[in-house]
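Data block below; observations after.
Derivation of every value follows stated rules applied to the coordinates shown; laboratory data play no part. Computed from a prediction, not measured in an experiment: that's the story for all the values here. Please note: Cβ atoms are built from the backbone with ideal geometry, for glycine as well, and neighbour counts cover all protein chains shown.
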Amino acid sequence: MNHNHSHHCRIFTDIPLNDHADVVLSAEQAHYLRNVMRLAAGANVTLFNGYGGEYDAEVTRLDKSGACCTLATQRKVNREMPCRIHIVQAACRSEKIEHVLQKGTELGAASFSIVRSERSALKLDGNKLDVRLARWRKIIVEAAEQSGRTRLPEVNWYASLDQAPATGRALVLHPEAATPWQAMRTELRDMTDISLAVGPEGGFSERDLRTLATSGFQPLAFGPRIMRTETASPALLAAIAAII
């Protein structure tokens, strides 16, 4: 098993991991290792559980009944951003939210709040919400496995904009904002938490902007062009990563 290949086979598990422990993987993970990655017993994989660090592991059993791994010692790697960036994404079409979750996880976002705004078509509650949250978490897990994240971003749903958390320095993307990105760069370098609010297709309404202002979100202009809702947070995450 060459190391390059094993590097790509990272598996998230939500069980406690300890040096030299034996770990039983889920049936879905066993299927993935056997039938997608075409691995066999003796292969090397990497396991992580979102609490930091990761473990090299050897697959000790892999057959139709399941998979077992033996862990080596923890590698205390940290691939997280030095500043926690919280994405507040106004609810929009499902595939756009999924794009934001996948790309945002790859680019280092610490959390996602999906929130209804005045122009949001998406309404979720009860069982429908549970199913959607499970799907969103699965997308985040897969993106974290692929991109080398050692911690998993959280995702939460808020039924109204006034519930959206304004953690740390809170900014709302607005093309006509008085404060341009260039003016914020120096200040953002020193932040431990930044919240970025992004509107849905059609943008935030005036009422939305007043609600966000009351919660402490300051308008920020990021470039002279209007970005699609699913482009904005990945673009800002990359821009912030480049300056901190």
Q. Cross-link partners among lysines for Lys96, C-alpha distance below 27 Å, same-chain residues fewer than 8 apart left out?
A. Lys123, Lys128, Lys138
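Using C-alpha positions alone, give me the convex hull volume of the chain per residue in cubic angstrom. Intermediate values should be presented prior to the final figure.
Values: hull volume 32.5 nm³, N = 244.
Per residue, the Cα convex hull of the chain comes to 133 Å³.
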Q. Roughly how big is the chain's charge dipole about its Cα centre, with Cβ charges of +1 (Lys, Arg) and -1 (Asp, Glu), in debye to the nearest 20?
A. 360
**Q.** Amide H partners (placed H, <5 Å) of Ala21, local residues excluded
**A.** Leu71
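Roughly speaking, what % of Cα-Cα pairs in segment 3-75 are separated by over 20 Å, rounded to a whole number? It would help to have the intermediate numbers written out before the result.
Details: 470 of 2628 pairs.
Of all Cα-Cα pairs in segment 3-75, 18 percent lie more than 20 Å apart.
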**Q.** Bins of 5 Å from zero: percent of alpha-carbon pairs in segment 54-178
**A.** 2, 9, 16, 18, 17, 13, 9, 7, 5, 2, 1, 0, 0
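For Cys92, Cys69, Cys9, what ranking results if the residue with the fewest other Cβ atoms within 10 Å of its Cβ goes first? Don't skip to the end; give the middle numbers.
Details: Cys92 24, Cys69 27, Cys9 20.
Exposure proxy ranking, most exposed first: Cys9, Cys92, Cys69.
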Q. Toward the positive end of the charge dipole of the chain, about the Cα centre and with charges on Cβ (Lys, Arg +1; Asp, Glu -1), which of Ala143, Pro224, Asn44 goes farthest?
A. Pro224
Q: Using only Cα atoms, find the angle between the long axis of helix 126-147 and the longest principal axis of the chain, and express it within 0 to 90 degrees, rounded to the nearest 10.
A: 70
Q. Which residues' amide hydrogens lie under 5 Å from the amide hydrogen of Ala41, considering only partners 5 or more residues apart or on another chain, with H built in the peptide plane?
A. Leu62
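If each residue of separation counts as 0.36 nm, what is the full-extension length gain between Asn35 and Asn78 once their alpha-carbon separation is subtracted?
On the way: separation 43, 0.36 × 43 = 15.48 nm, distance 3.02 nm.
So the chain would gain 12.5 nm between Asn35 and Asn78.
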Q. Around Gly53, which amide H atoms from residues at least 5 apart in sequence, or from another chain, sit under 5 Å from its own amide H, with H modelled in the peptide plane?
A. Val77
Q) Put a dot 7 Å past each Cα toward the Cβ at Glu206 and Tyr51; how far apart are the dots in nm? A) 5.2
Q) Taking the Cα centre of the chain as the origin and placing charges on Cβ (Lys, Arg +1; Asp, Glu -1), which of Ser111, Pro175, Ile194 is farthest toward the positive end of the dipole? A) Pro175
**Q.** Residue among Ser215, Cys92, Ser233 farthest towards the positive dipole end of the chain, charges placed on Cβ
**A.** Cys92
Q. Separation between the Asn156 and Thr60 pseudo-spin-labels, each 7 Å from Cα along Cα→Cβ, expressed in nm?
A. 3.9
Q.
Between segment 39-77 and segment 188-224, how far is it from one alpha carbon centroid to the other, in angstrom?
A. 41
Q) Helix-derived [θ] at 222 nm for the chain: sum -39500 (n - 2.57) over DSSP H runs of at least 4, divide by residue count, nearest 500? A) -10000 deg cm²/dmol
